[in-house]
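The values are calculated or read from the model by the stated rules, or taken from the named source; none is laboratory data. Everything quoted here is computed from the prediction, not taken from an experiment. Cβ: placed from backbone, ideal geometry, glycine included. Neighbour counts: every protein chain shown. Side chains included, ligands, DNA and RNA excluded: accessible areas come from the protein's heavy atoms. Shrake-Rupley method; radii C 1.70, N 1.55, O 1.52, S 1.80 Å.
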Amino acid sequence: MADIVLSVASKVAKYLVAPVCRHSSYVIFSGSYIGQLKEEIEKLENATQRVQLSINEARQEMKLIKAHPEQWVTEMKTVLDKGKQLEHKEIAKKTYFCRWLPNLKERYRLSRDVRRKVREIQEHILRGRFEMDYCNHAPSGHVVGALNVDSSADHWGDTIIESRASILEKIMNTLDDEKLKVTGIYGCDGVGKTTLLEEVEKKLKSERRLFDVIAKAKVSQTPLKKIQDGIAYAFGLNLKDELSEEGRRDRLFREIQSDPTKKVLIILEDLSGVLDLKAVGIPSRYESRGCKLLLTSSFKNVLEQEMDADRTIHLEGLNNKEAFKLFEKIVRDRLKDEKLKPIAAKVVKKLAGLPLLITSVASTLKYSNMFVWINVLTKIGGSNIDAIAKFCYNNLKSEDAKSLFLLCGLIGGTIRVETLLVLGMGLGLFEGSLKRIEGSREKLNTFLDSLRSVCLLLDGGDDKENVTIHDLYCKAVVSTPFTGEDSLVMNSSYYSWSKEKLAKCWAIYLVNTVNGGLAELMSCQFINLKILMLSQPEDWLGSPAHRHDERHCCRLDFTCMKDLQVLYLRSMHITTLSSSIEILKDLRSLFLDNCLVEDVAILGKLKALQFLSFAGSAISRLPTEMGELKNLRLLNLSNCKKLQIIEPGVLKSLVNLEELYMKGSFDRWVSPDEIPSKSCNAGLAELRSLTKLTILEISILDPAVILEGNSIRKRISEVNSVQEKRILEACDKEKKKLEEDGSNKIKRILEAYDRKKKKLEEDGSNKIKGILEAYDRKKKRLEEDGFDEIEEISKPYEHDDSTKKREISEVDLQEKISEVNSVQQEKISEVNSVQQEKLSVACDQVKKQLEEEGSAQIKKILEDYDQTFGNLIRFWINIGNLDGREFEGLRTMKLKLEGCDNIFSIEWVQKILQKTQYLHVDGLQKFKNVQDICTRGFRELKHLDIDNSPSIKYIINSSINLLPTTFTILESLFLKNLIDLNKICNGPMAPECFSKLKAVRIEKCHQLKDLWLLSEMQRLVHLEEIQVHECDSMQAIIPNDAGKVEVADEIVELPNVRRLDLQKLGNMRSFSTRGEGAAFQVPFLFSPHISLSFCKYMSFLYS
């Protein structure tokens, strides 16, 4: 009966109580439902950003994603909008009666809708877990460096606004006109000049017309060297080897003018005054052949008078209709609310038709509640840019994002993301739960994305290393107290402030300061200064331009800046740091980049320091005192070319170091075999103490230093020797102990038997004595009785009887003593045997214990060496100071071996090779196949250079163990002076092998007869460049392997090849050979970008 009742009760609870509880929870726990909705919206935003990033990367590389996730992203934008609208309704409708009483009906309805929306979002997140599987073929019309087609939608909607379309067409027509060499675009700040240039560049590249090369550089406040580097990059030109200003200028000029048929467009953005084109290396309008200039400026006279433009085009603000259309496109469905439309119209009118301001305000209002919409008109005032910037700032969700915006506004222009990271972390920003720099870097990128989403930062496109803030917002940040009247920001644009106003600053950034102004600044009484950034003029190389003597060194006094957290000094002539720096107890970030500073020992007293950069400075010694910086997390010694000494023990003491940058700096590491006490430099072994290290850039001059194998064997031998000695000592000790125990036992046995023997001897002597005494008594009695005659008679027997009895007693005694001795010896032998057995057992136990300890020590030695580099997530390792290509941001390993091929047998080297993205090896002498260098396969290798390696026969040899991951994402292959190289590939390749290859360069490989067989060419659809120089045996680039070609119509297509460079190939007969009856084409060979030289036997492209 009870079971029936319980069963009925459970059913009642299931069908009545549970629903009641759930519905009640809608009212009681409405806040929890809203909180869950916020979390799910954030997860969906992250998922959408991740998928969109993959789509963008695929578009940039002209790939097709099989899963087609674009539709999902579009749908998710609608889902997010509705979710955020539901979230905003919660505040407005969950109460009534002046918000005093809870509106239970609205709470119930909202919570129910929120719960449904949460489930819907969770399902969408699951759907968004796409496998980014790319199609194997390249789409037609691939253009290198094409911009994201959707980039303009963020500013101008899906299509170009009508007024902009006409301007764009006018620019294209001007560029088409051969007579017009210099074209200028002018308009006020924020009107959209940068965005218009992006559209021009995108259109030129997508149509593949007019220009072969498009170079771009920003001019305003940019050093001449950076302008040259920006232009040279478009030509694939590296100017770092040119040490003189004239050399850089002339080399760039020659490159631009090198080919009369090549059409070049150079875009120079944001000119505020005249730019000396000759000093840059740009040909003038009278010298240029196929070179044109496209310029932008805020001032018409700069373009017409200073730069002598042939035609100038005025870019005006959007008209009201276009401005409202752009605003409406950004806020989307929000304007379906009729109450918001009139507010939107009034807001748009206040934004002066400037796309920058329209986009920023609209993006801010997009997810804002009604209260923000209602107040926006009073907040932004009458087209006041400062007020507009402050409105967008105040509506940022994160305090870190707000501080980041102010930091960007302080510095202005284009800023390195890594600089922002260290500056921000010095101010306590971006700290994650794990308290690691890498986690803070991720948080920084999230905040940067949030600032870009409301256009407070400009979209940098493919550039992930830098961010750019518009000049309008820079001016607003400096001129407006964003966080209170006593918290100002000052930079070089407002250098004339009074001391009273300067004293209220929390951040100061001054460039090109002179000593007089510096002294005035140092005399101010700062109330709340947290960050101070100073720099002095630089020469064209970026070095201090003012090499004063000691009397004119910068006098820095930090006495009135005790709350300083970040100090950034660049190109300052300091020599010796002021003792007043000791007062900066809260200093967390310190930059001394490009500074003429020598003695830095005093920095060891800054115990709170976490980030320290000497990049490009003149220090020659890292003193012992630096080892006191136990909290240091990042140390940058990049390009400290004078750094010759790092005191032993300094690096070892920096146990919290996470990132160490030493590229182009100290490389004289002490060999592990050297005695540290006799050396004045750091040993590579010190890095083993840096267990938190995740990023390492390091140069090692002598490759023998990295051959830790000998050192490891030596240390292991030392451990074994010590352990053997300990075993012997322990056994000797145990033996001595047991011998002492055995000796005591034997001694006790001997003493016991001696006592027994003595007793037996005493007993025998007493018996004999008793016999003799009895005989003497008898004799005496007879004498007394007068029996003389008996004496005579008994004499012969007298002696015999006593002697006999005595002899009998002695024999009996000897027998007993002998018996005792025999037993004694048996006991002693037994004791010795037991002791020997105990000794053997004890020694075995000691030996086993010590061997285990030794194995543990040896294991620890090996683990130490593996862990030195095992945790690295980014690295640049150059062993032997090998020059060559550089790829910014890629995990790089360079090795100039000089006979040290054994480096590849080291475990940590193999681990590093698996992560390496760019590998450059010079001097292989033992390996025949390049694939064998990494025993576990090159999983992430994108670029490979092999030079001067006489042992190499094949790059890939499928006849031996070929891993499926080998060279599957390789993009470039450069081979030089491989005198025994027979083939690139020996035997059939895996389907994905070389499938991403874009560039091949072969030089001085005299045994190589061809590159690839015809049957292998279908996988090389991404190939863009083929260069073959000075290969004496080269007969054809693509020989036909008859019967193996299985392609449609037997046509080999390499649609993306844009450069074919064949030089000094004495035996080259043709580009490709075909077998009997075969017919194929290589369409790219009819391109004009072909360079053939000294191919004396080559009369046909096909034979």
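List of remarks:
- Stretching A519 away from N631 to a fully extended chain increases their span by 37.1 nm, per 0.36 nm per residue minus the current alpha-carbon distance.
- Mean separation of Cα contacts under 8 Å, 6 or more apart, over the residue count of region 889-1030: relative contact order %: 18
- Largest to smallest in accessible area, the residues V114, V372 fall in the order V372, V114 (1.4 Å probe, all protein chains included).
- Across region 250-258, computed HN-Hα scalar couplings (Karplus, 6.51 cos²θ - 1.76 cosθ + 1.60, θ = phi - 60°) run 5, 5, 5, 4, 4, 5, 5, 9, 4 Hz from first to last residue, x flagging Gly and Pro.
- For a label point 7 Å along the Cα-to-beta-carbon line of E598, residues of region 635-650 with backbone N under 19 Å: 640-647
- Measuring against 20 Å, Cα to Cα, the residue pairs K77/K329; K226/K263; K84/K350; K203/K263 contain K226/K263; K84/K350 as the ones spanning a longer distance.
- Charged neighbours of E1030, selected by a Cβ distance under 9 Å, balance to 0 (K, R count +1; D, E count -1).
- 17 Å reach of a label modelled at K226, 7 Å along Cα-to-Cβ, counting backbone N of region 413-443: 413-423
- Mean separation of Cα contacts under 8 Å, 6 or more apart, over the residue count of region 611-695: relative contact order %: 30
- Restricting the trypsin sites (Lys or Arg not before Pro) of region 871-917 to loop positions (DSSP other than H, G, I, E, B) with no more than 14 neighbouring Cβ atoms within 10 Å leaves R885.
- A 1.4 Å probe, protein heavy atoms only, puts the accessible area of E328 near 70 Å².
- Simple spin-label estimate for K733 and Q925 in nanometres, 7 Å along Cα-Cβ: 4.8
- Residue order by solvent-accessible surface for C408, C680 is C680, C408, largest first, with ligands and nucleic acids left out and a 1.4 Å probe.
- The gain in end-to-end length when the D557 to D462 segment is fully stretched comes to 30.0 nm, 0.36 nm per residue minus the alpha carbon separation.
- In this Cβ point-charge picture (+1 for Lys and Arg, -1 for Asp and Glu), region 324-441 has a dipole of about 440 debye about its Cα centre.
- Long-range amide H partners of L1054 with built H, under 5 Å: F1084
- Förster radius 30 Å - calculated FRET efficiency between S206 and K953, Cβ distance, rounded to 0.05: 0.10
- At full extension, Q49 and K501 could sit 158.4 nm farther apart than now, given 0.36 nm per residue minus the alpha carbon distance.
- Options T892, G880, S972, ranked by Cα towards positive dipole end of region 859-1011, top entry (Cβ charges): S972
- Residue list for region 679-704, given a label point 7 angstrom along the Cα-to-Cβ vector of E431 and an amide N cut-off under 17 Å: none
- Per-residue ³J(HN,Hα) for region 975-988, Karplus 6.51 cos²θ - 1.76 cosθ + 1.60, θ = phi - 60°, Hz, x for Gly and Pro: 10, 9, 6, 9, 5, 10, 5, 9, 8, 5, 10, 10, x, x
- With a simple spin-label model that places each label point 7 Å from the Cα along the Cα-to-Cβ direction, the separation between K82 and R416 comes to 4.7 nm.
- Distance between modelled label sites at E898 and N681, nm, 7 Å Cα→Cβ extension: 1.2
- 3J(HN,Hα) from dihedral phi, region 318-333, Karplus parametrisation 6.51/-1.76/1.60, rounded to Hz, x for glycine, proline: 5, 6, 4, 5, 5, 4, 5, 4, 5, 4, 5, 4, 7, 6, 6, 6
- Cα gyration tensor shape for region 259-304, rounded if a/c is under 1.5, else prolate or oblate: prolate
- Within the assembled protein chains, the solvent-accessible surface assigned to H1006 is about 60 Å², based on a 1.4 Å probe.
- By accessible area with a 1.4 Å probe, ligands and nucleic acids excluded, highest first: order of F211, F253: F253, F211
- Global form of region 179-246, assessed from the alpha-carbon gyration tensor, a/c cut-off 1.5: oblate
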